[in-house]
1. At a Förster distance of 35 Å, what's the computed FRET efficiency of Y189 paired with E122, Cβ-Cβ distance as r, to 0.05?
2. I need the Kirkwood Rh of the stretch 266-307: take the reciprocal of the average 1/r across all distinct C-alpha pairs and report it in angstrom.
3. Highest mean first, how do 258-269, 358-369 rank when packing is the count of other Cβ atoms within 10 Å averaged over residues?
4. With a 10 Å radius around each residue's Cβ, average the other Cβ atoms per peptide and rank 377-387, 212-222, highest first.
5. For the chain, what does the helix formula give at 222 nm: sum of -39500 (n - 2.57) over DSSP H segments with n ≥ 4, over the residue count, nearest 500 deg cm²/dmol?
6. Hey, quick one: spin label on A101, modelled 7 Å out along Cα-Cβ, who in the stretch 221-236 has an amide N within reach, i.e. under 20 Å?
7. What are the semi-axes of the equivalent ellipsoid of the stretch 33-77, taken as the square roots of 5 times the eigenvalues of the Cα gyration tensor, listed largest first and rounded to whole Å?
8. Translational diffusion coefficient, Stokes-Einstein: compute it for the stretch 75-363 using the Kirkwood radius over C-alpha pairs as Rh, at 37 °C and 0.692 mPa s, and state it as an integer in µm² s⁻¹.
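Each value in this text was obtained by applying a stated rule to the coordinates, not by laboratory testing. Keep in mind the model is a prediction, meaning the values are calculated, not measured. Methodologically, a virtual Cβ is constructed for each residue, glycine included, from the backbone with ideal geometry; neighbour enumeration extends over all protein chains shown.
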Amino acid sequence: MPSLSPLRCELLLEDLRLLTLAEDEALAIIEDGVLAVGEGRILYAGAARALPPRLRQEAARRESGEGMLATPALVDSHTHLIFAGDRSGEYFERLAGASYADIAARGGGILATVQATRKASEAELFAAALPRAEALLASGVATIEIKSGYGLDLENEAKMLSVARALGRHLGITVTTSLLAAHALPPEYAGRREDYLRLICEGMIPRFAAEGLIDAVDAYLEPFAFSAAEIERIFLAAHAQGLPVRLHADQLSNGGGAALAARFQALSADHLEYTDEAGVAALARAGTVAVLLPGAFLSLRERQAPPVAALRAAGVPMALATDLNPGTSPLSSLTQAMNLGCLLFGLALDEAVRAVTVHAARALGLKDRGRLAPGLRADFALWPLRQPAELAYWLSGQQVHGLYAAGTRVWPPASRA
Ligand code: DI6
Ligand code: FE
């Protein structure tokens, strides 16, 4: 391992109860723990008594963690948090008996959000999205994946992606973006699917890749959205640009989504309610992360939960994410998603903790975070909690006391501290 000693210790946080997740099993807590940070990296994470004396002597700043529980900052690996308009009415139509497909068929659903998002300026979209992203930070999140998919043309997809990048800069956190142009067929392409697919594969993917606007390519596999054959073409175009892929797979029906994702070594396959044993085995072989989304499951009042026991038995890493979106998952707390993952899907506590840290980071292809260990990014969260169980116990989620990204406190903002 390369020596980290040349790095200057800028911050020494003492009197912490550390949940490093360095071990693969159990949720071991280090009492009287210390975090040492320099140049945005962790220099030391462990017991105070084993802290190299040099770090204590040279620390530019020493602070007390006041006995807080310190964990890796959380990672939300699936959101659609940039959108304009309001679909709260649809929620109550669904509760009164309308189906998601019924609402989409009469011009509601995703296309209603597309219409509103196209009309919004970049500044308006930013202003609408900021409080949603801030709510995630308040729940301990310092890395957010954000999808496009409500623009559905070159100009408006680019607008959403630029807003995503701007949010990351504004908040001082990591935002990774996924192009979700294959979310719905835009109305102006009715009867011209082939033209829209060409726009995605030959227009959007190469252009946005060259402009550095996208980190991955996603697609929505459902009979009313896009087919496996169409998505294969999109994934080939992504790979041609060196971009990894992810997939909305088997949410409402078994479309062979897990196997399709695995065939393209997808970083993640998301939802998976209807994935069968063969799909689970394919994910295991490919090393693809299963991203489970209990907010959408709950809000749609789905009955069939994802095959958690089979995923566990096959050793597929499981992540939990909010899926924050205006249609099916009005959820802006990742600790609340942990609660729902345990309550509705049967995840164990240690699985839920890894699902929003190490496994979520892996779902985004990020190897430099998700644990507290020397050399990793100094992304960590301080919680006023005694037990890790309290992270996932409250139905209402949990608020972070302090959130750090690359060693800098990003929540609460200075004005609210
Ligand atoms: N992710 C999606 O893309 C769709 N469902 C989901 O879980 C729905 C998005 C929407 O209705 O706006
Ligand atoms: Fe989604």
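1. Numbers: r = 24 Å, r/R0 = 0.68.
Once rounded, the FRET efficiency stands at 0.90.
2. Working: mean 1/r = 0.0929 Å⁻¹.
After inverting the mean inverse Cα-Cα distance, the result is 10.8 Å.
3. Details: 258-269: 25.0, 358-369: 22.1.
Averaged packing, sorted descending, gives the order 258-269, 358-369.
4. On the way: 377-387: 21.6, 212-222: 23.3.
Ranking, from highest mean packing down: 212-222, 377-387.
5. Details: 17 runs with 150 residues, N = 417.
After summing the helix terms and dividing by residue count, I get -10000 deg cm²/dmol.
6. Of the residues in the stretch 221-236, 221-231 have backbone N under 20 Å from the label point off A101.
7. Numbers: eigenvalues 83, 35, 21 Å².
Its equivalent ellipsoid spans semi-axes of 20, 13, 10 Å.
8. Numbers: Rh = 18.6 Å.
Rounded to a whole number, D works out at 177 µm²/s.
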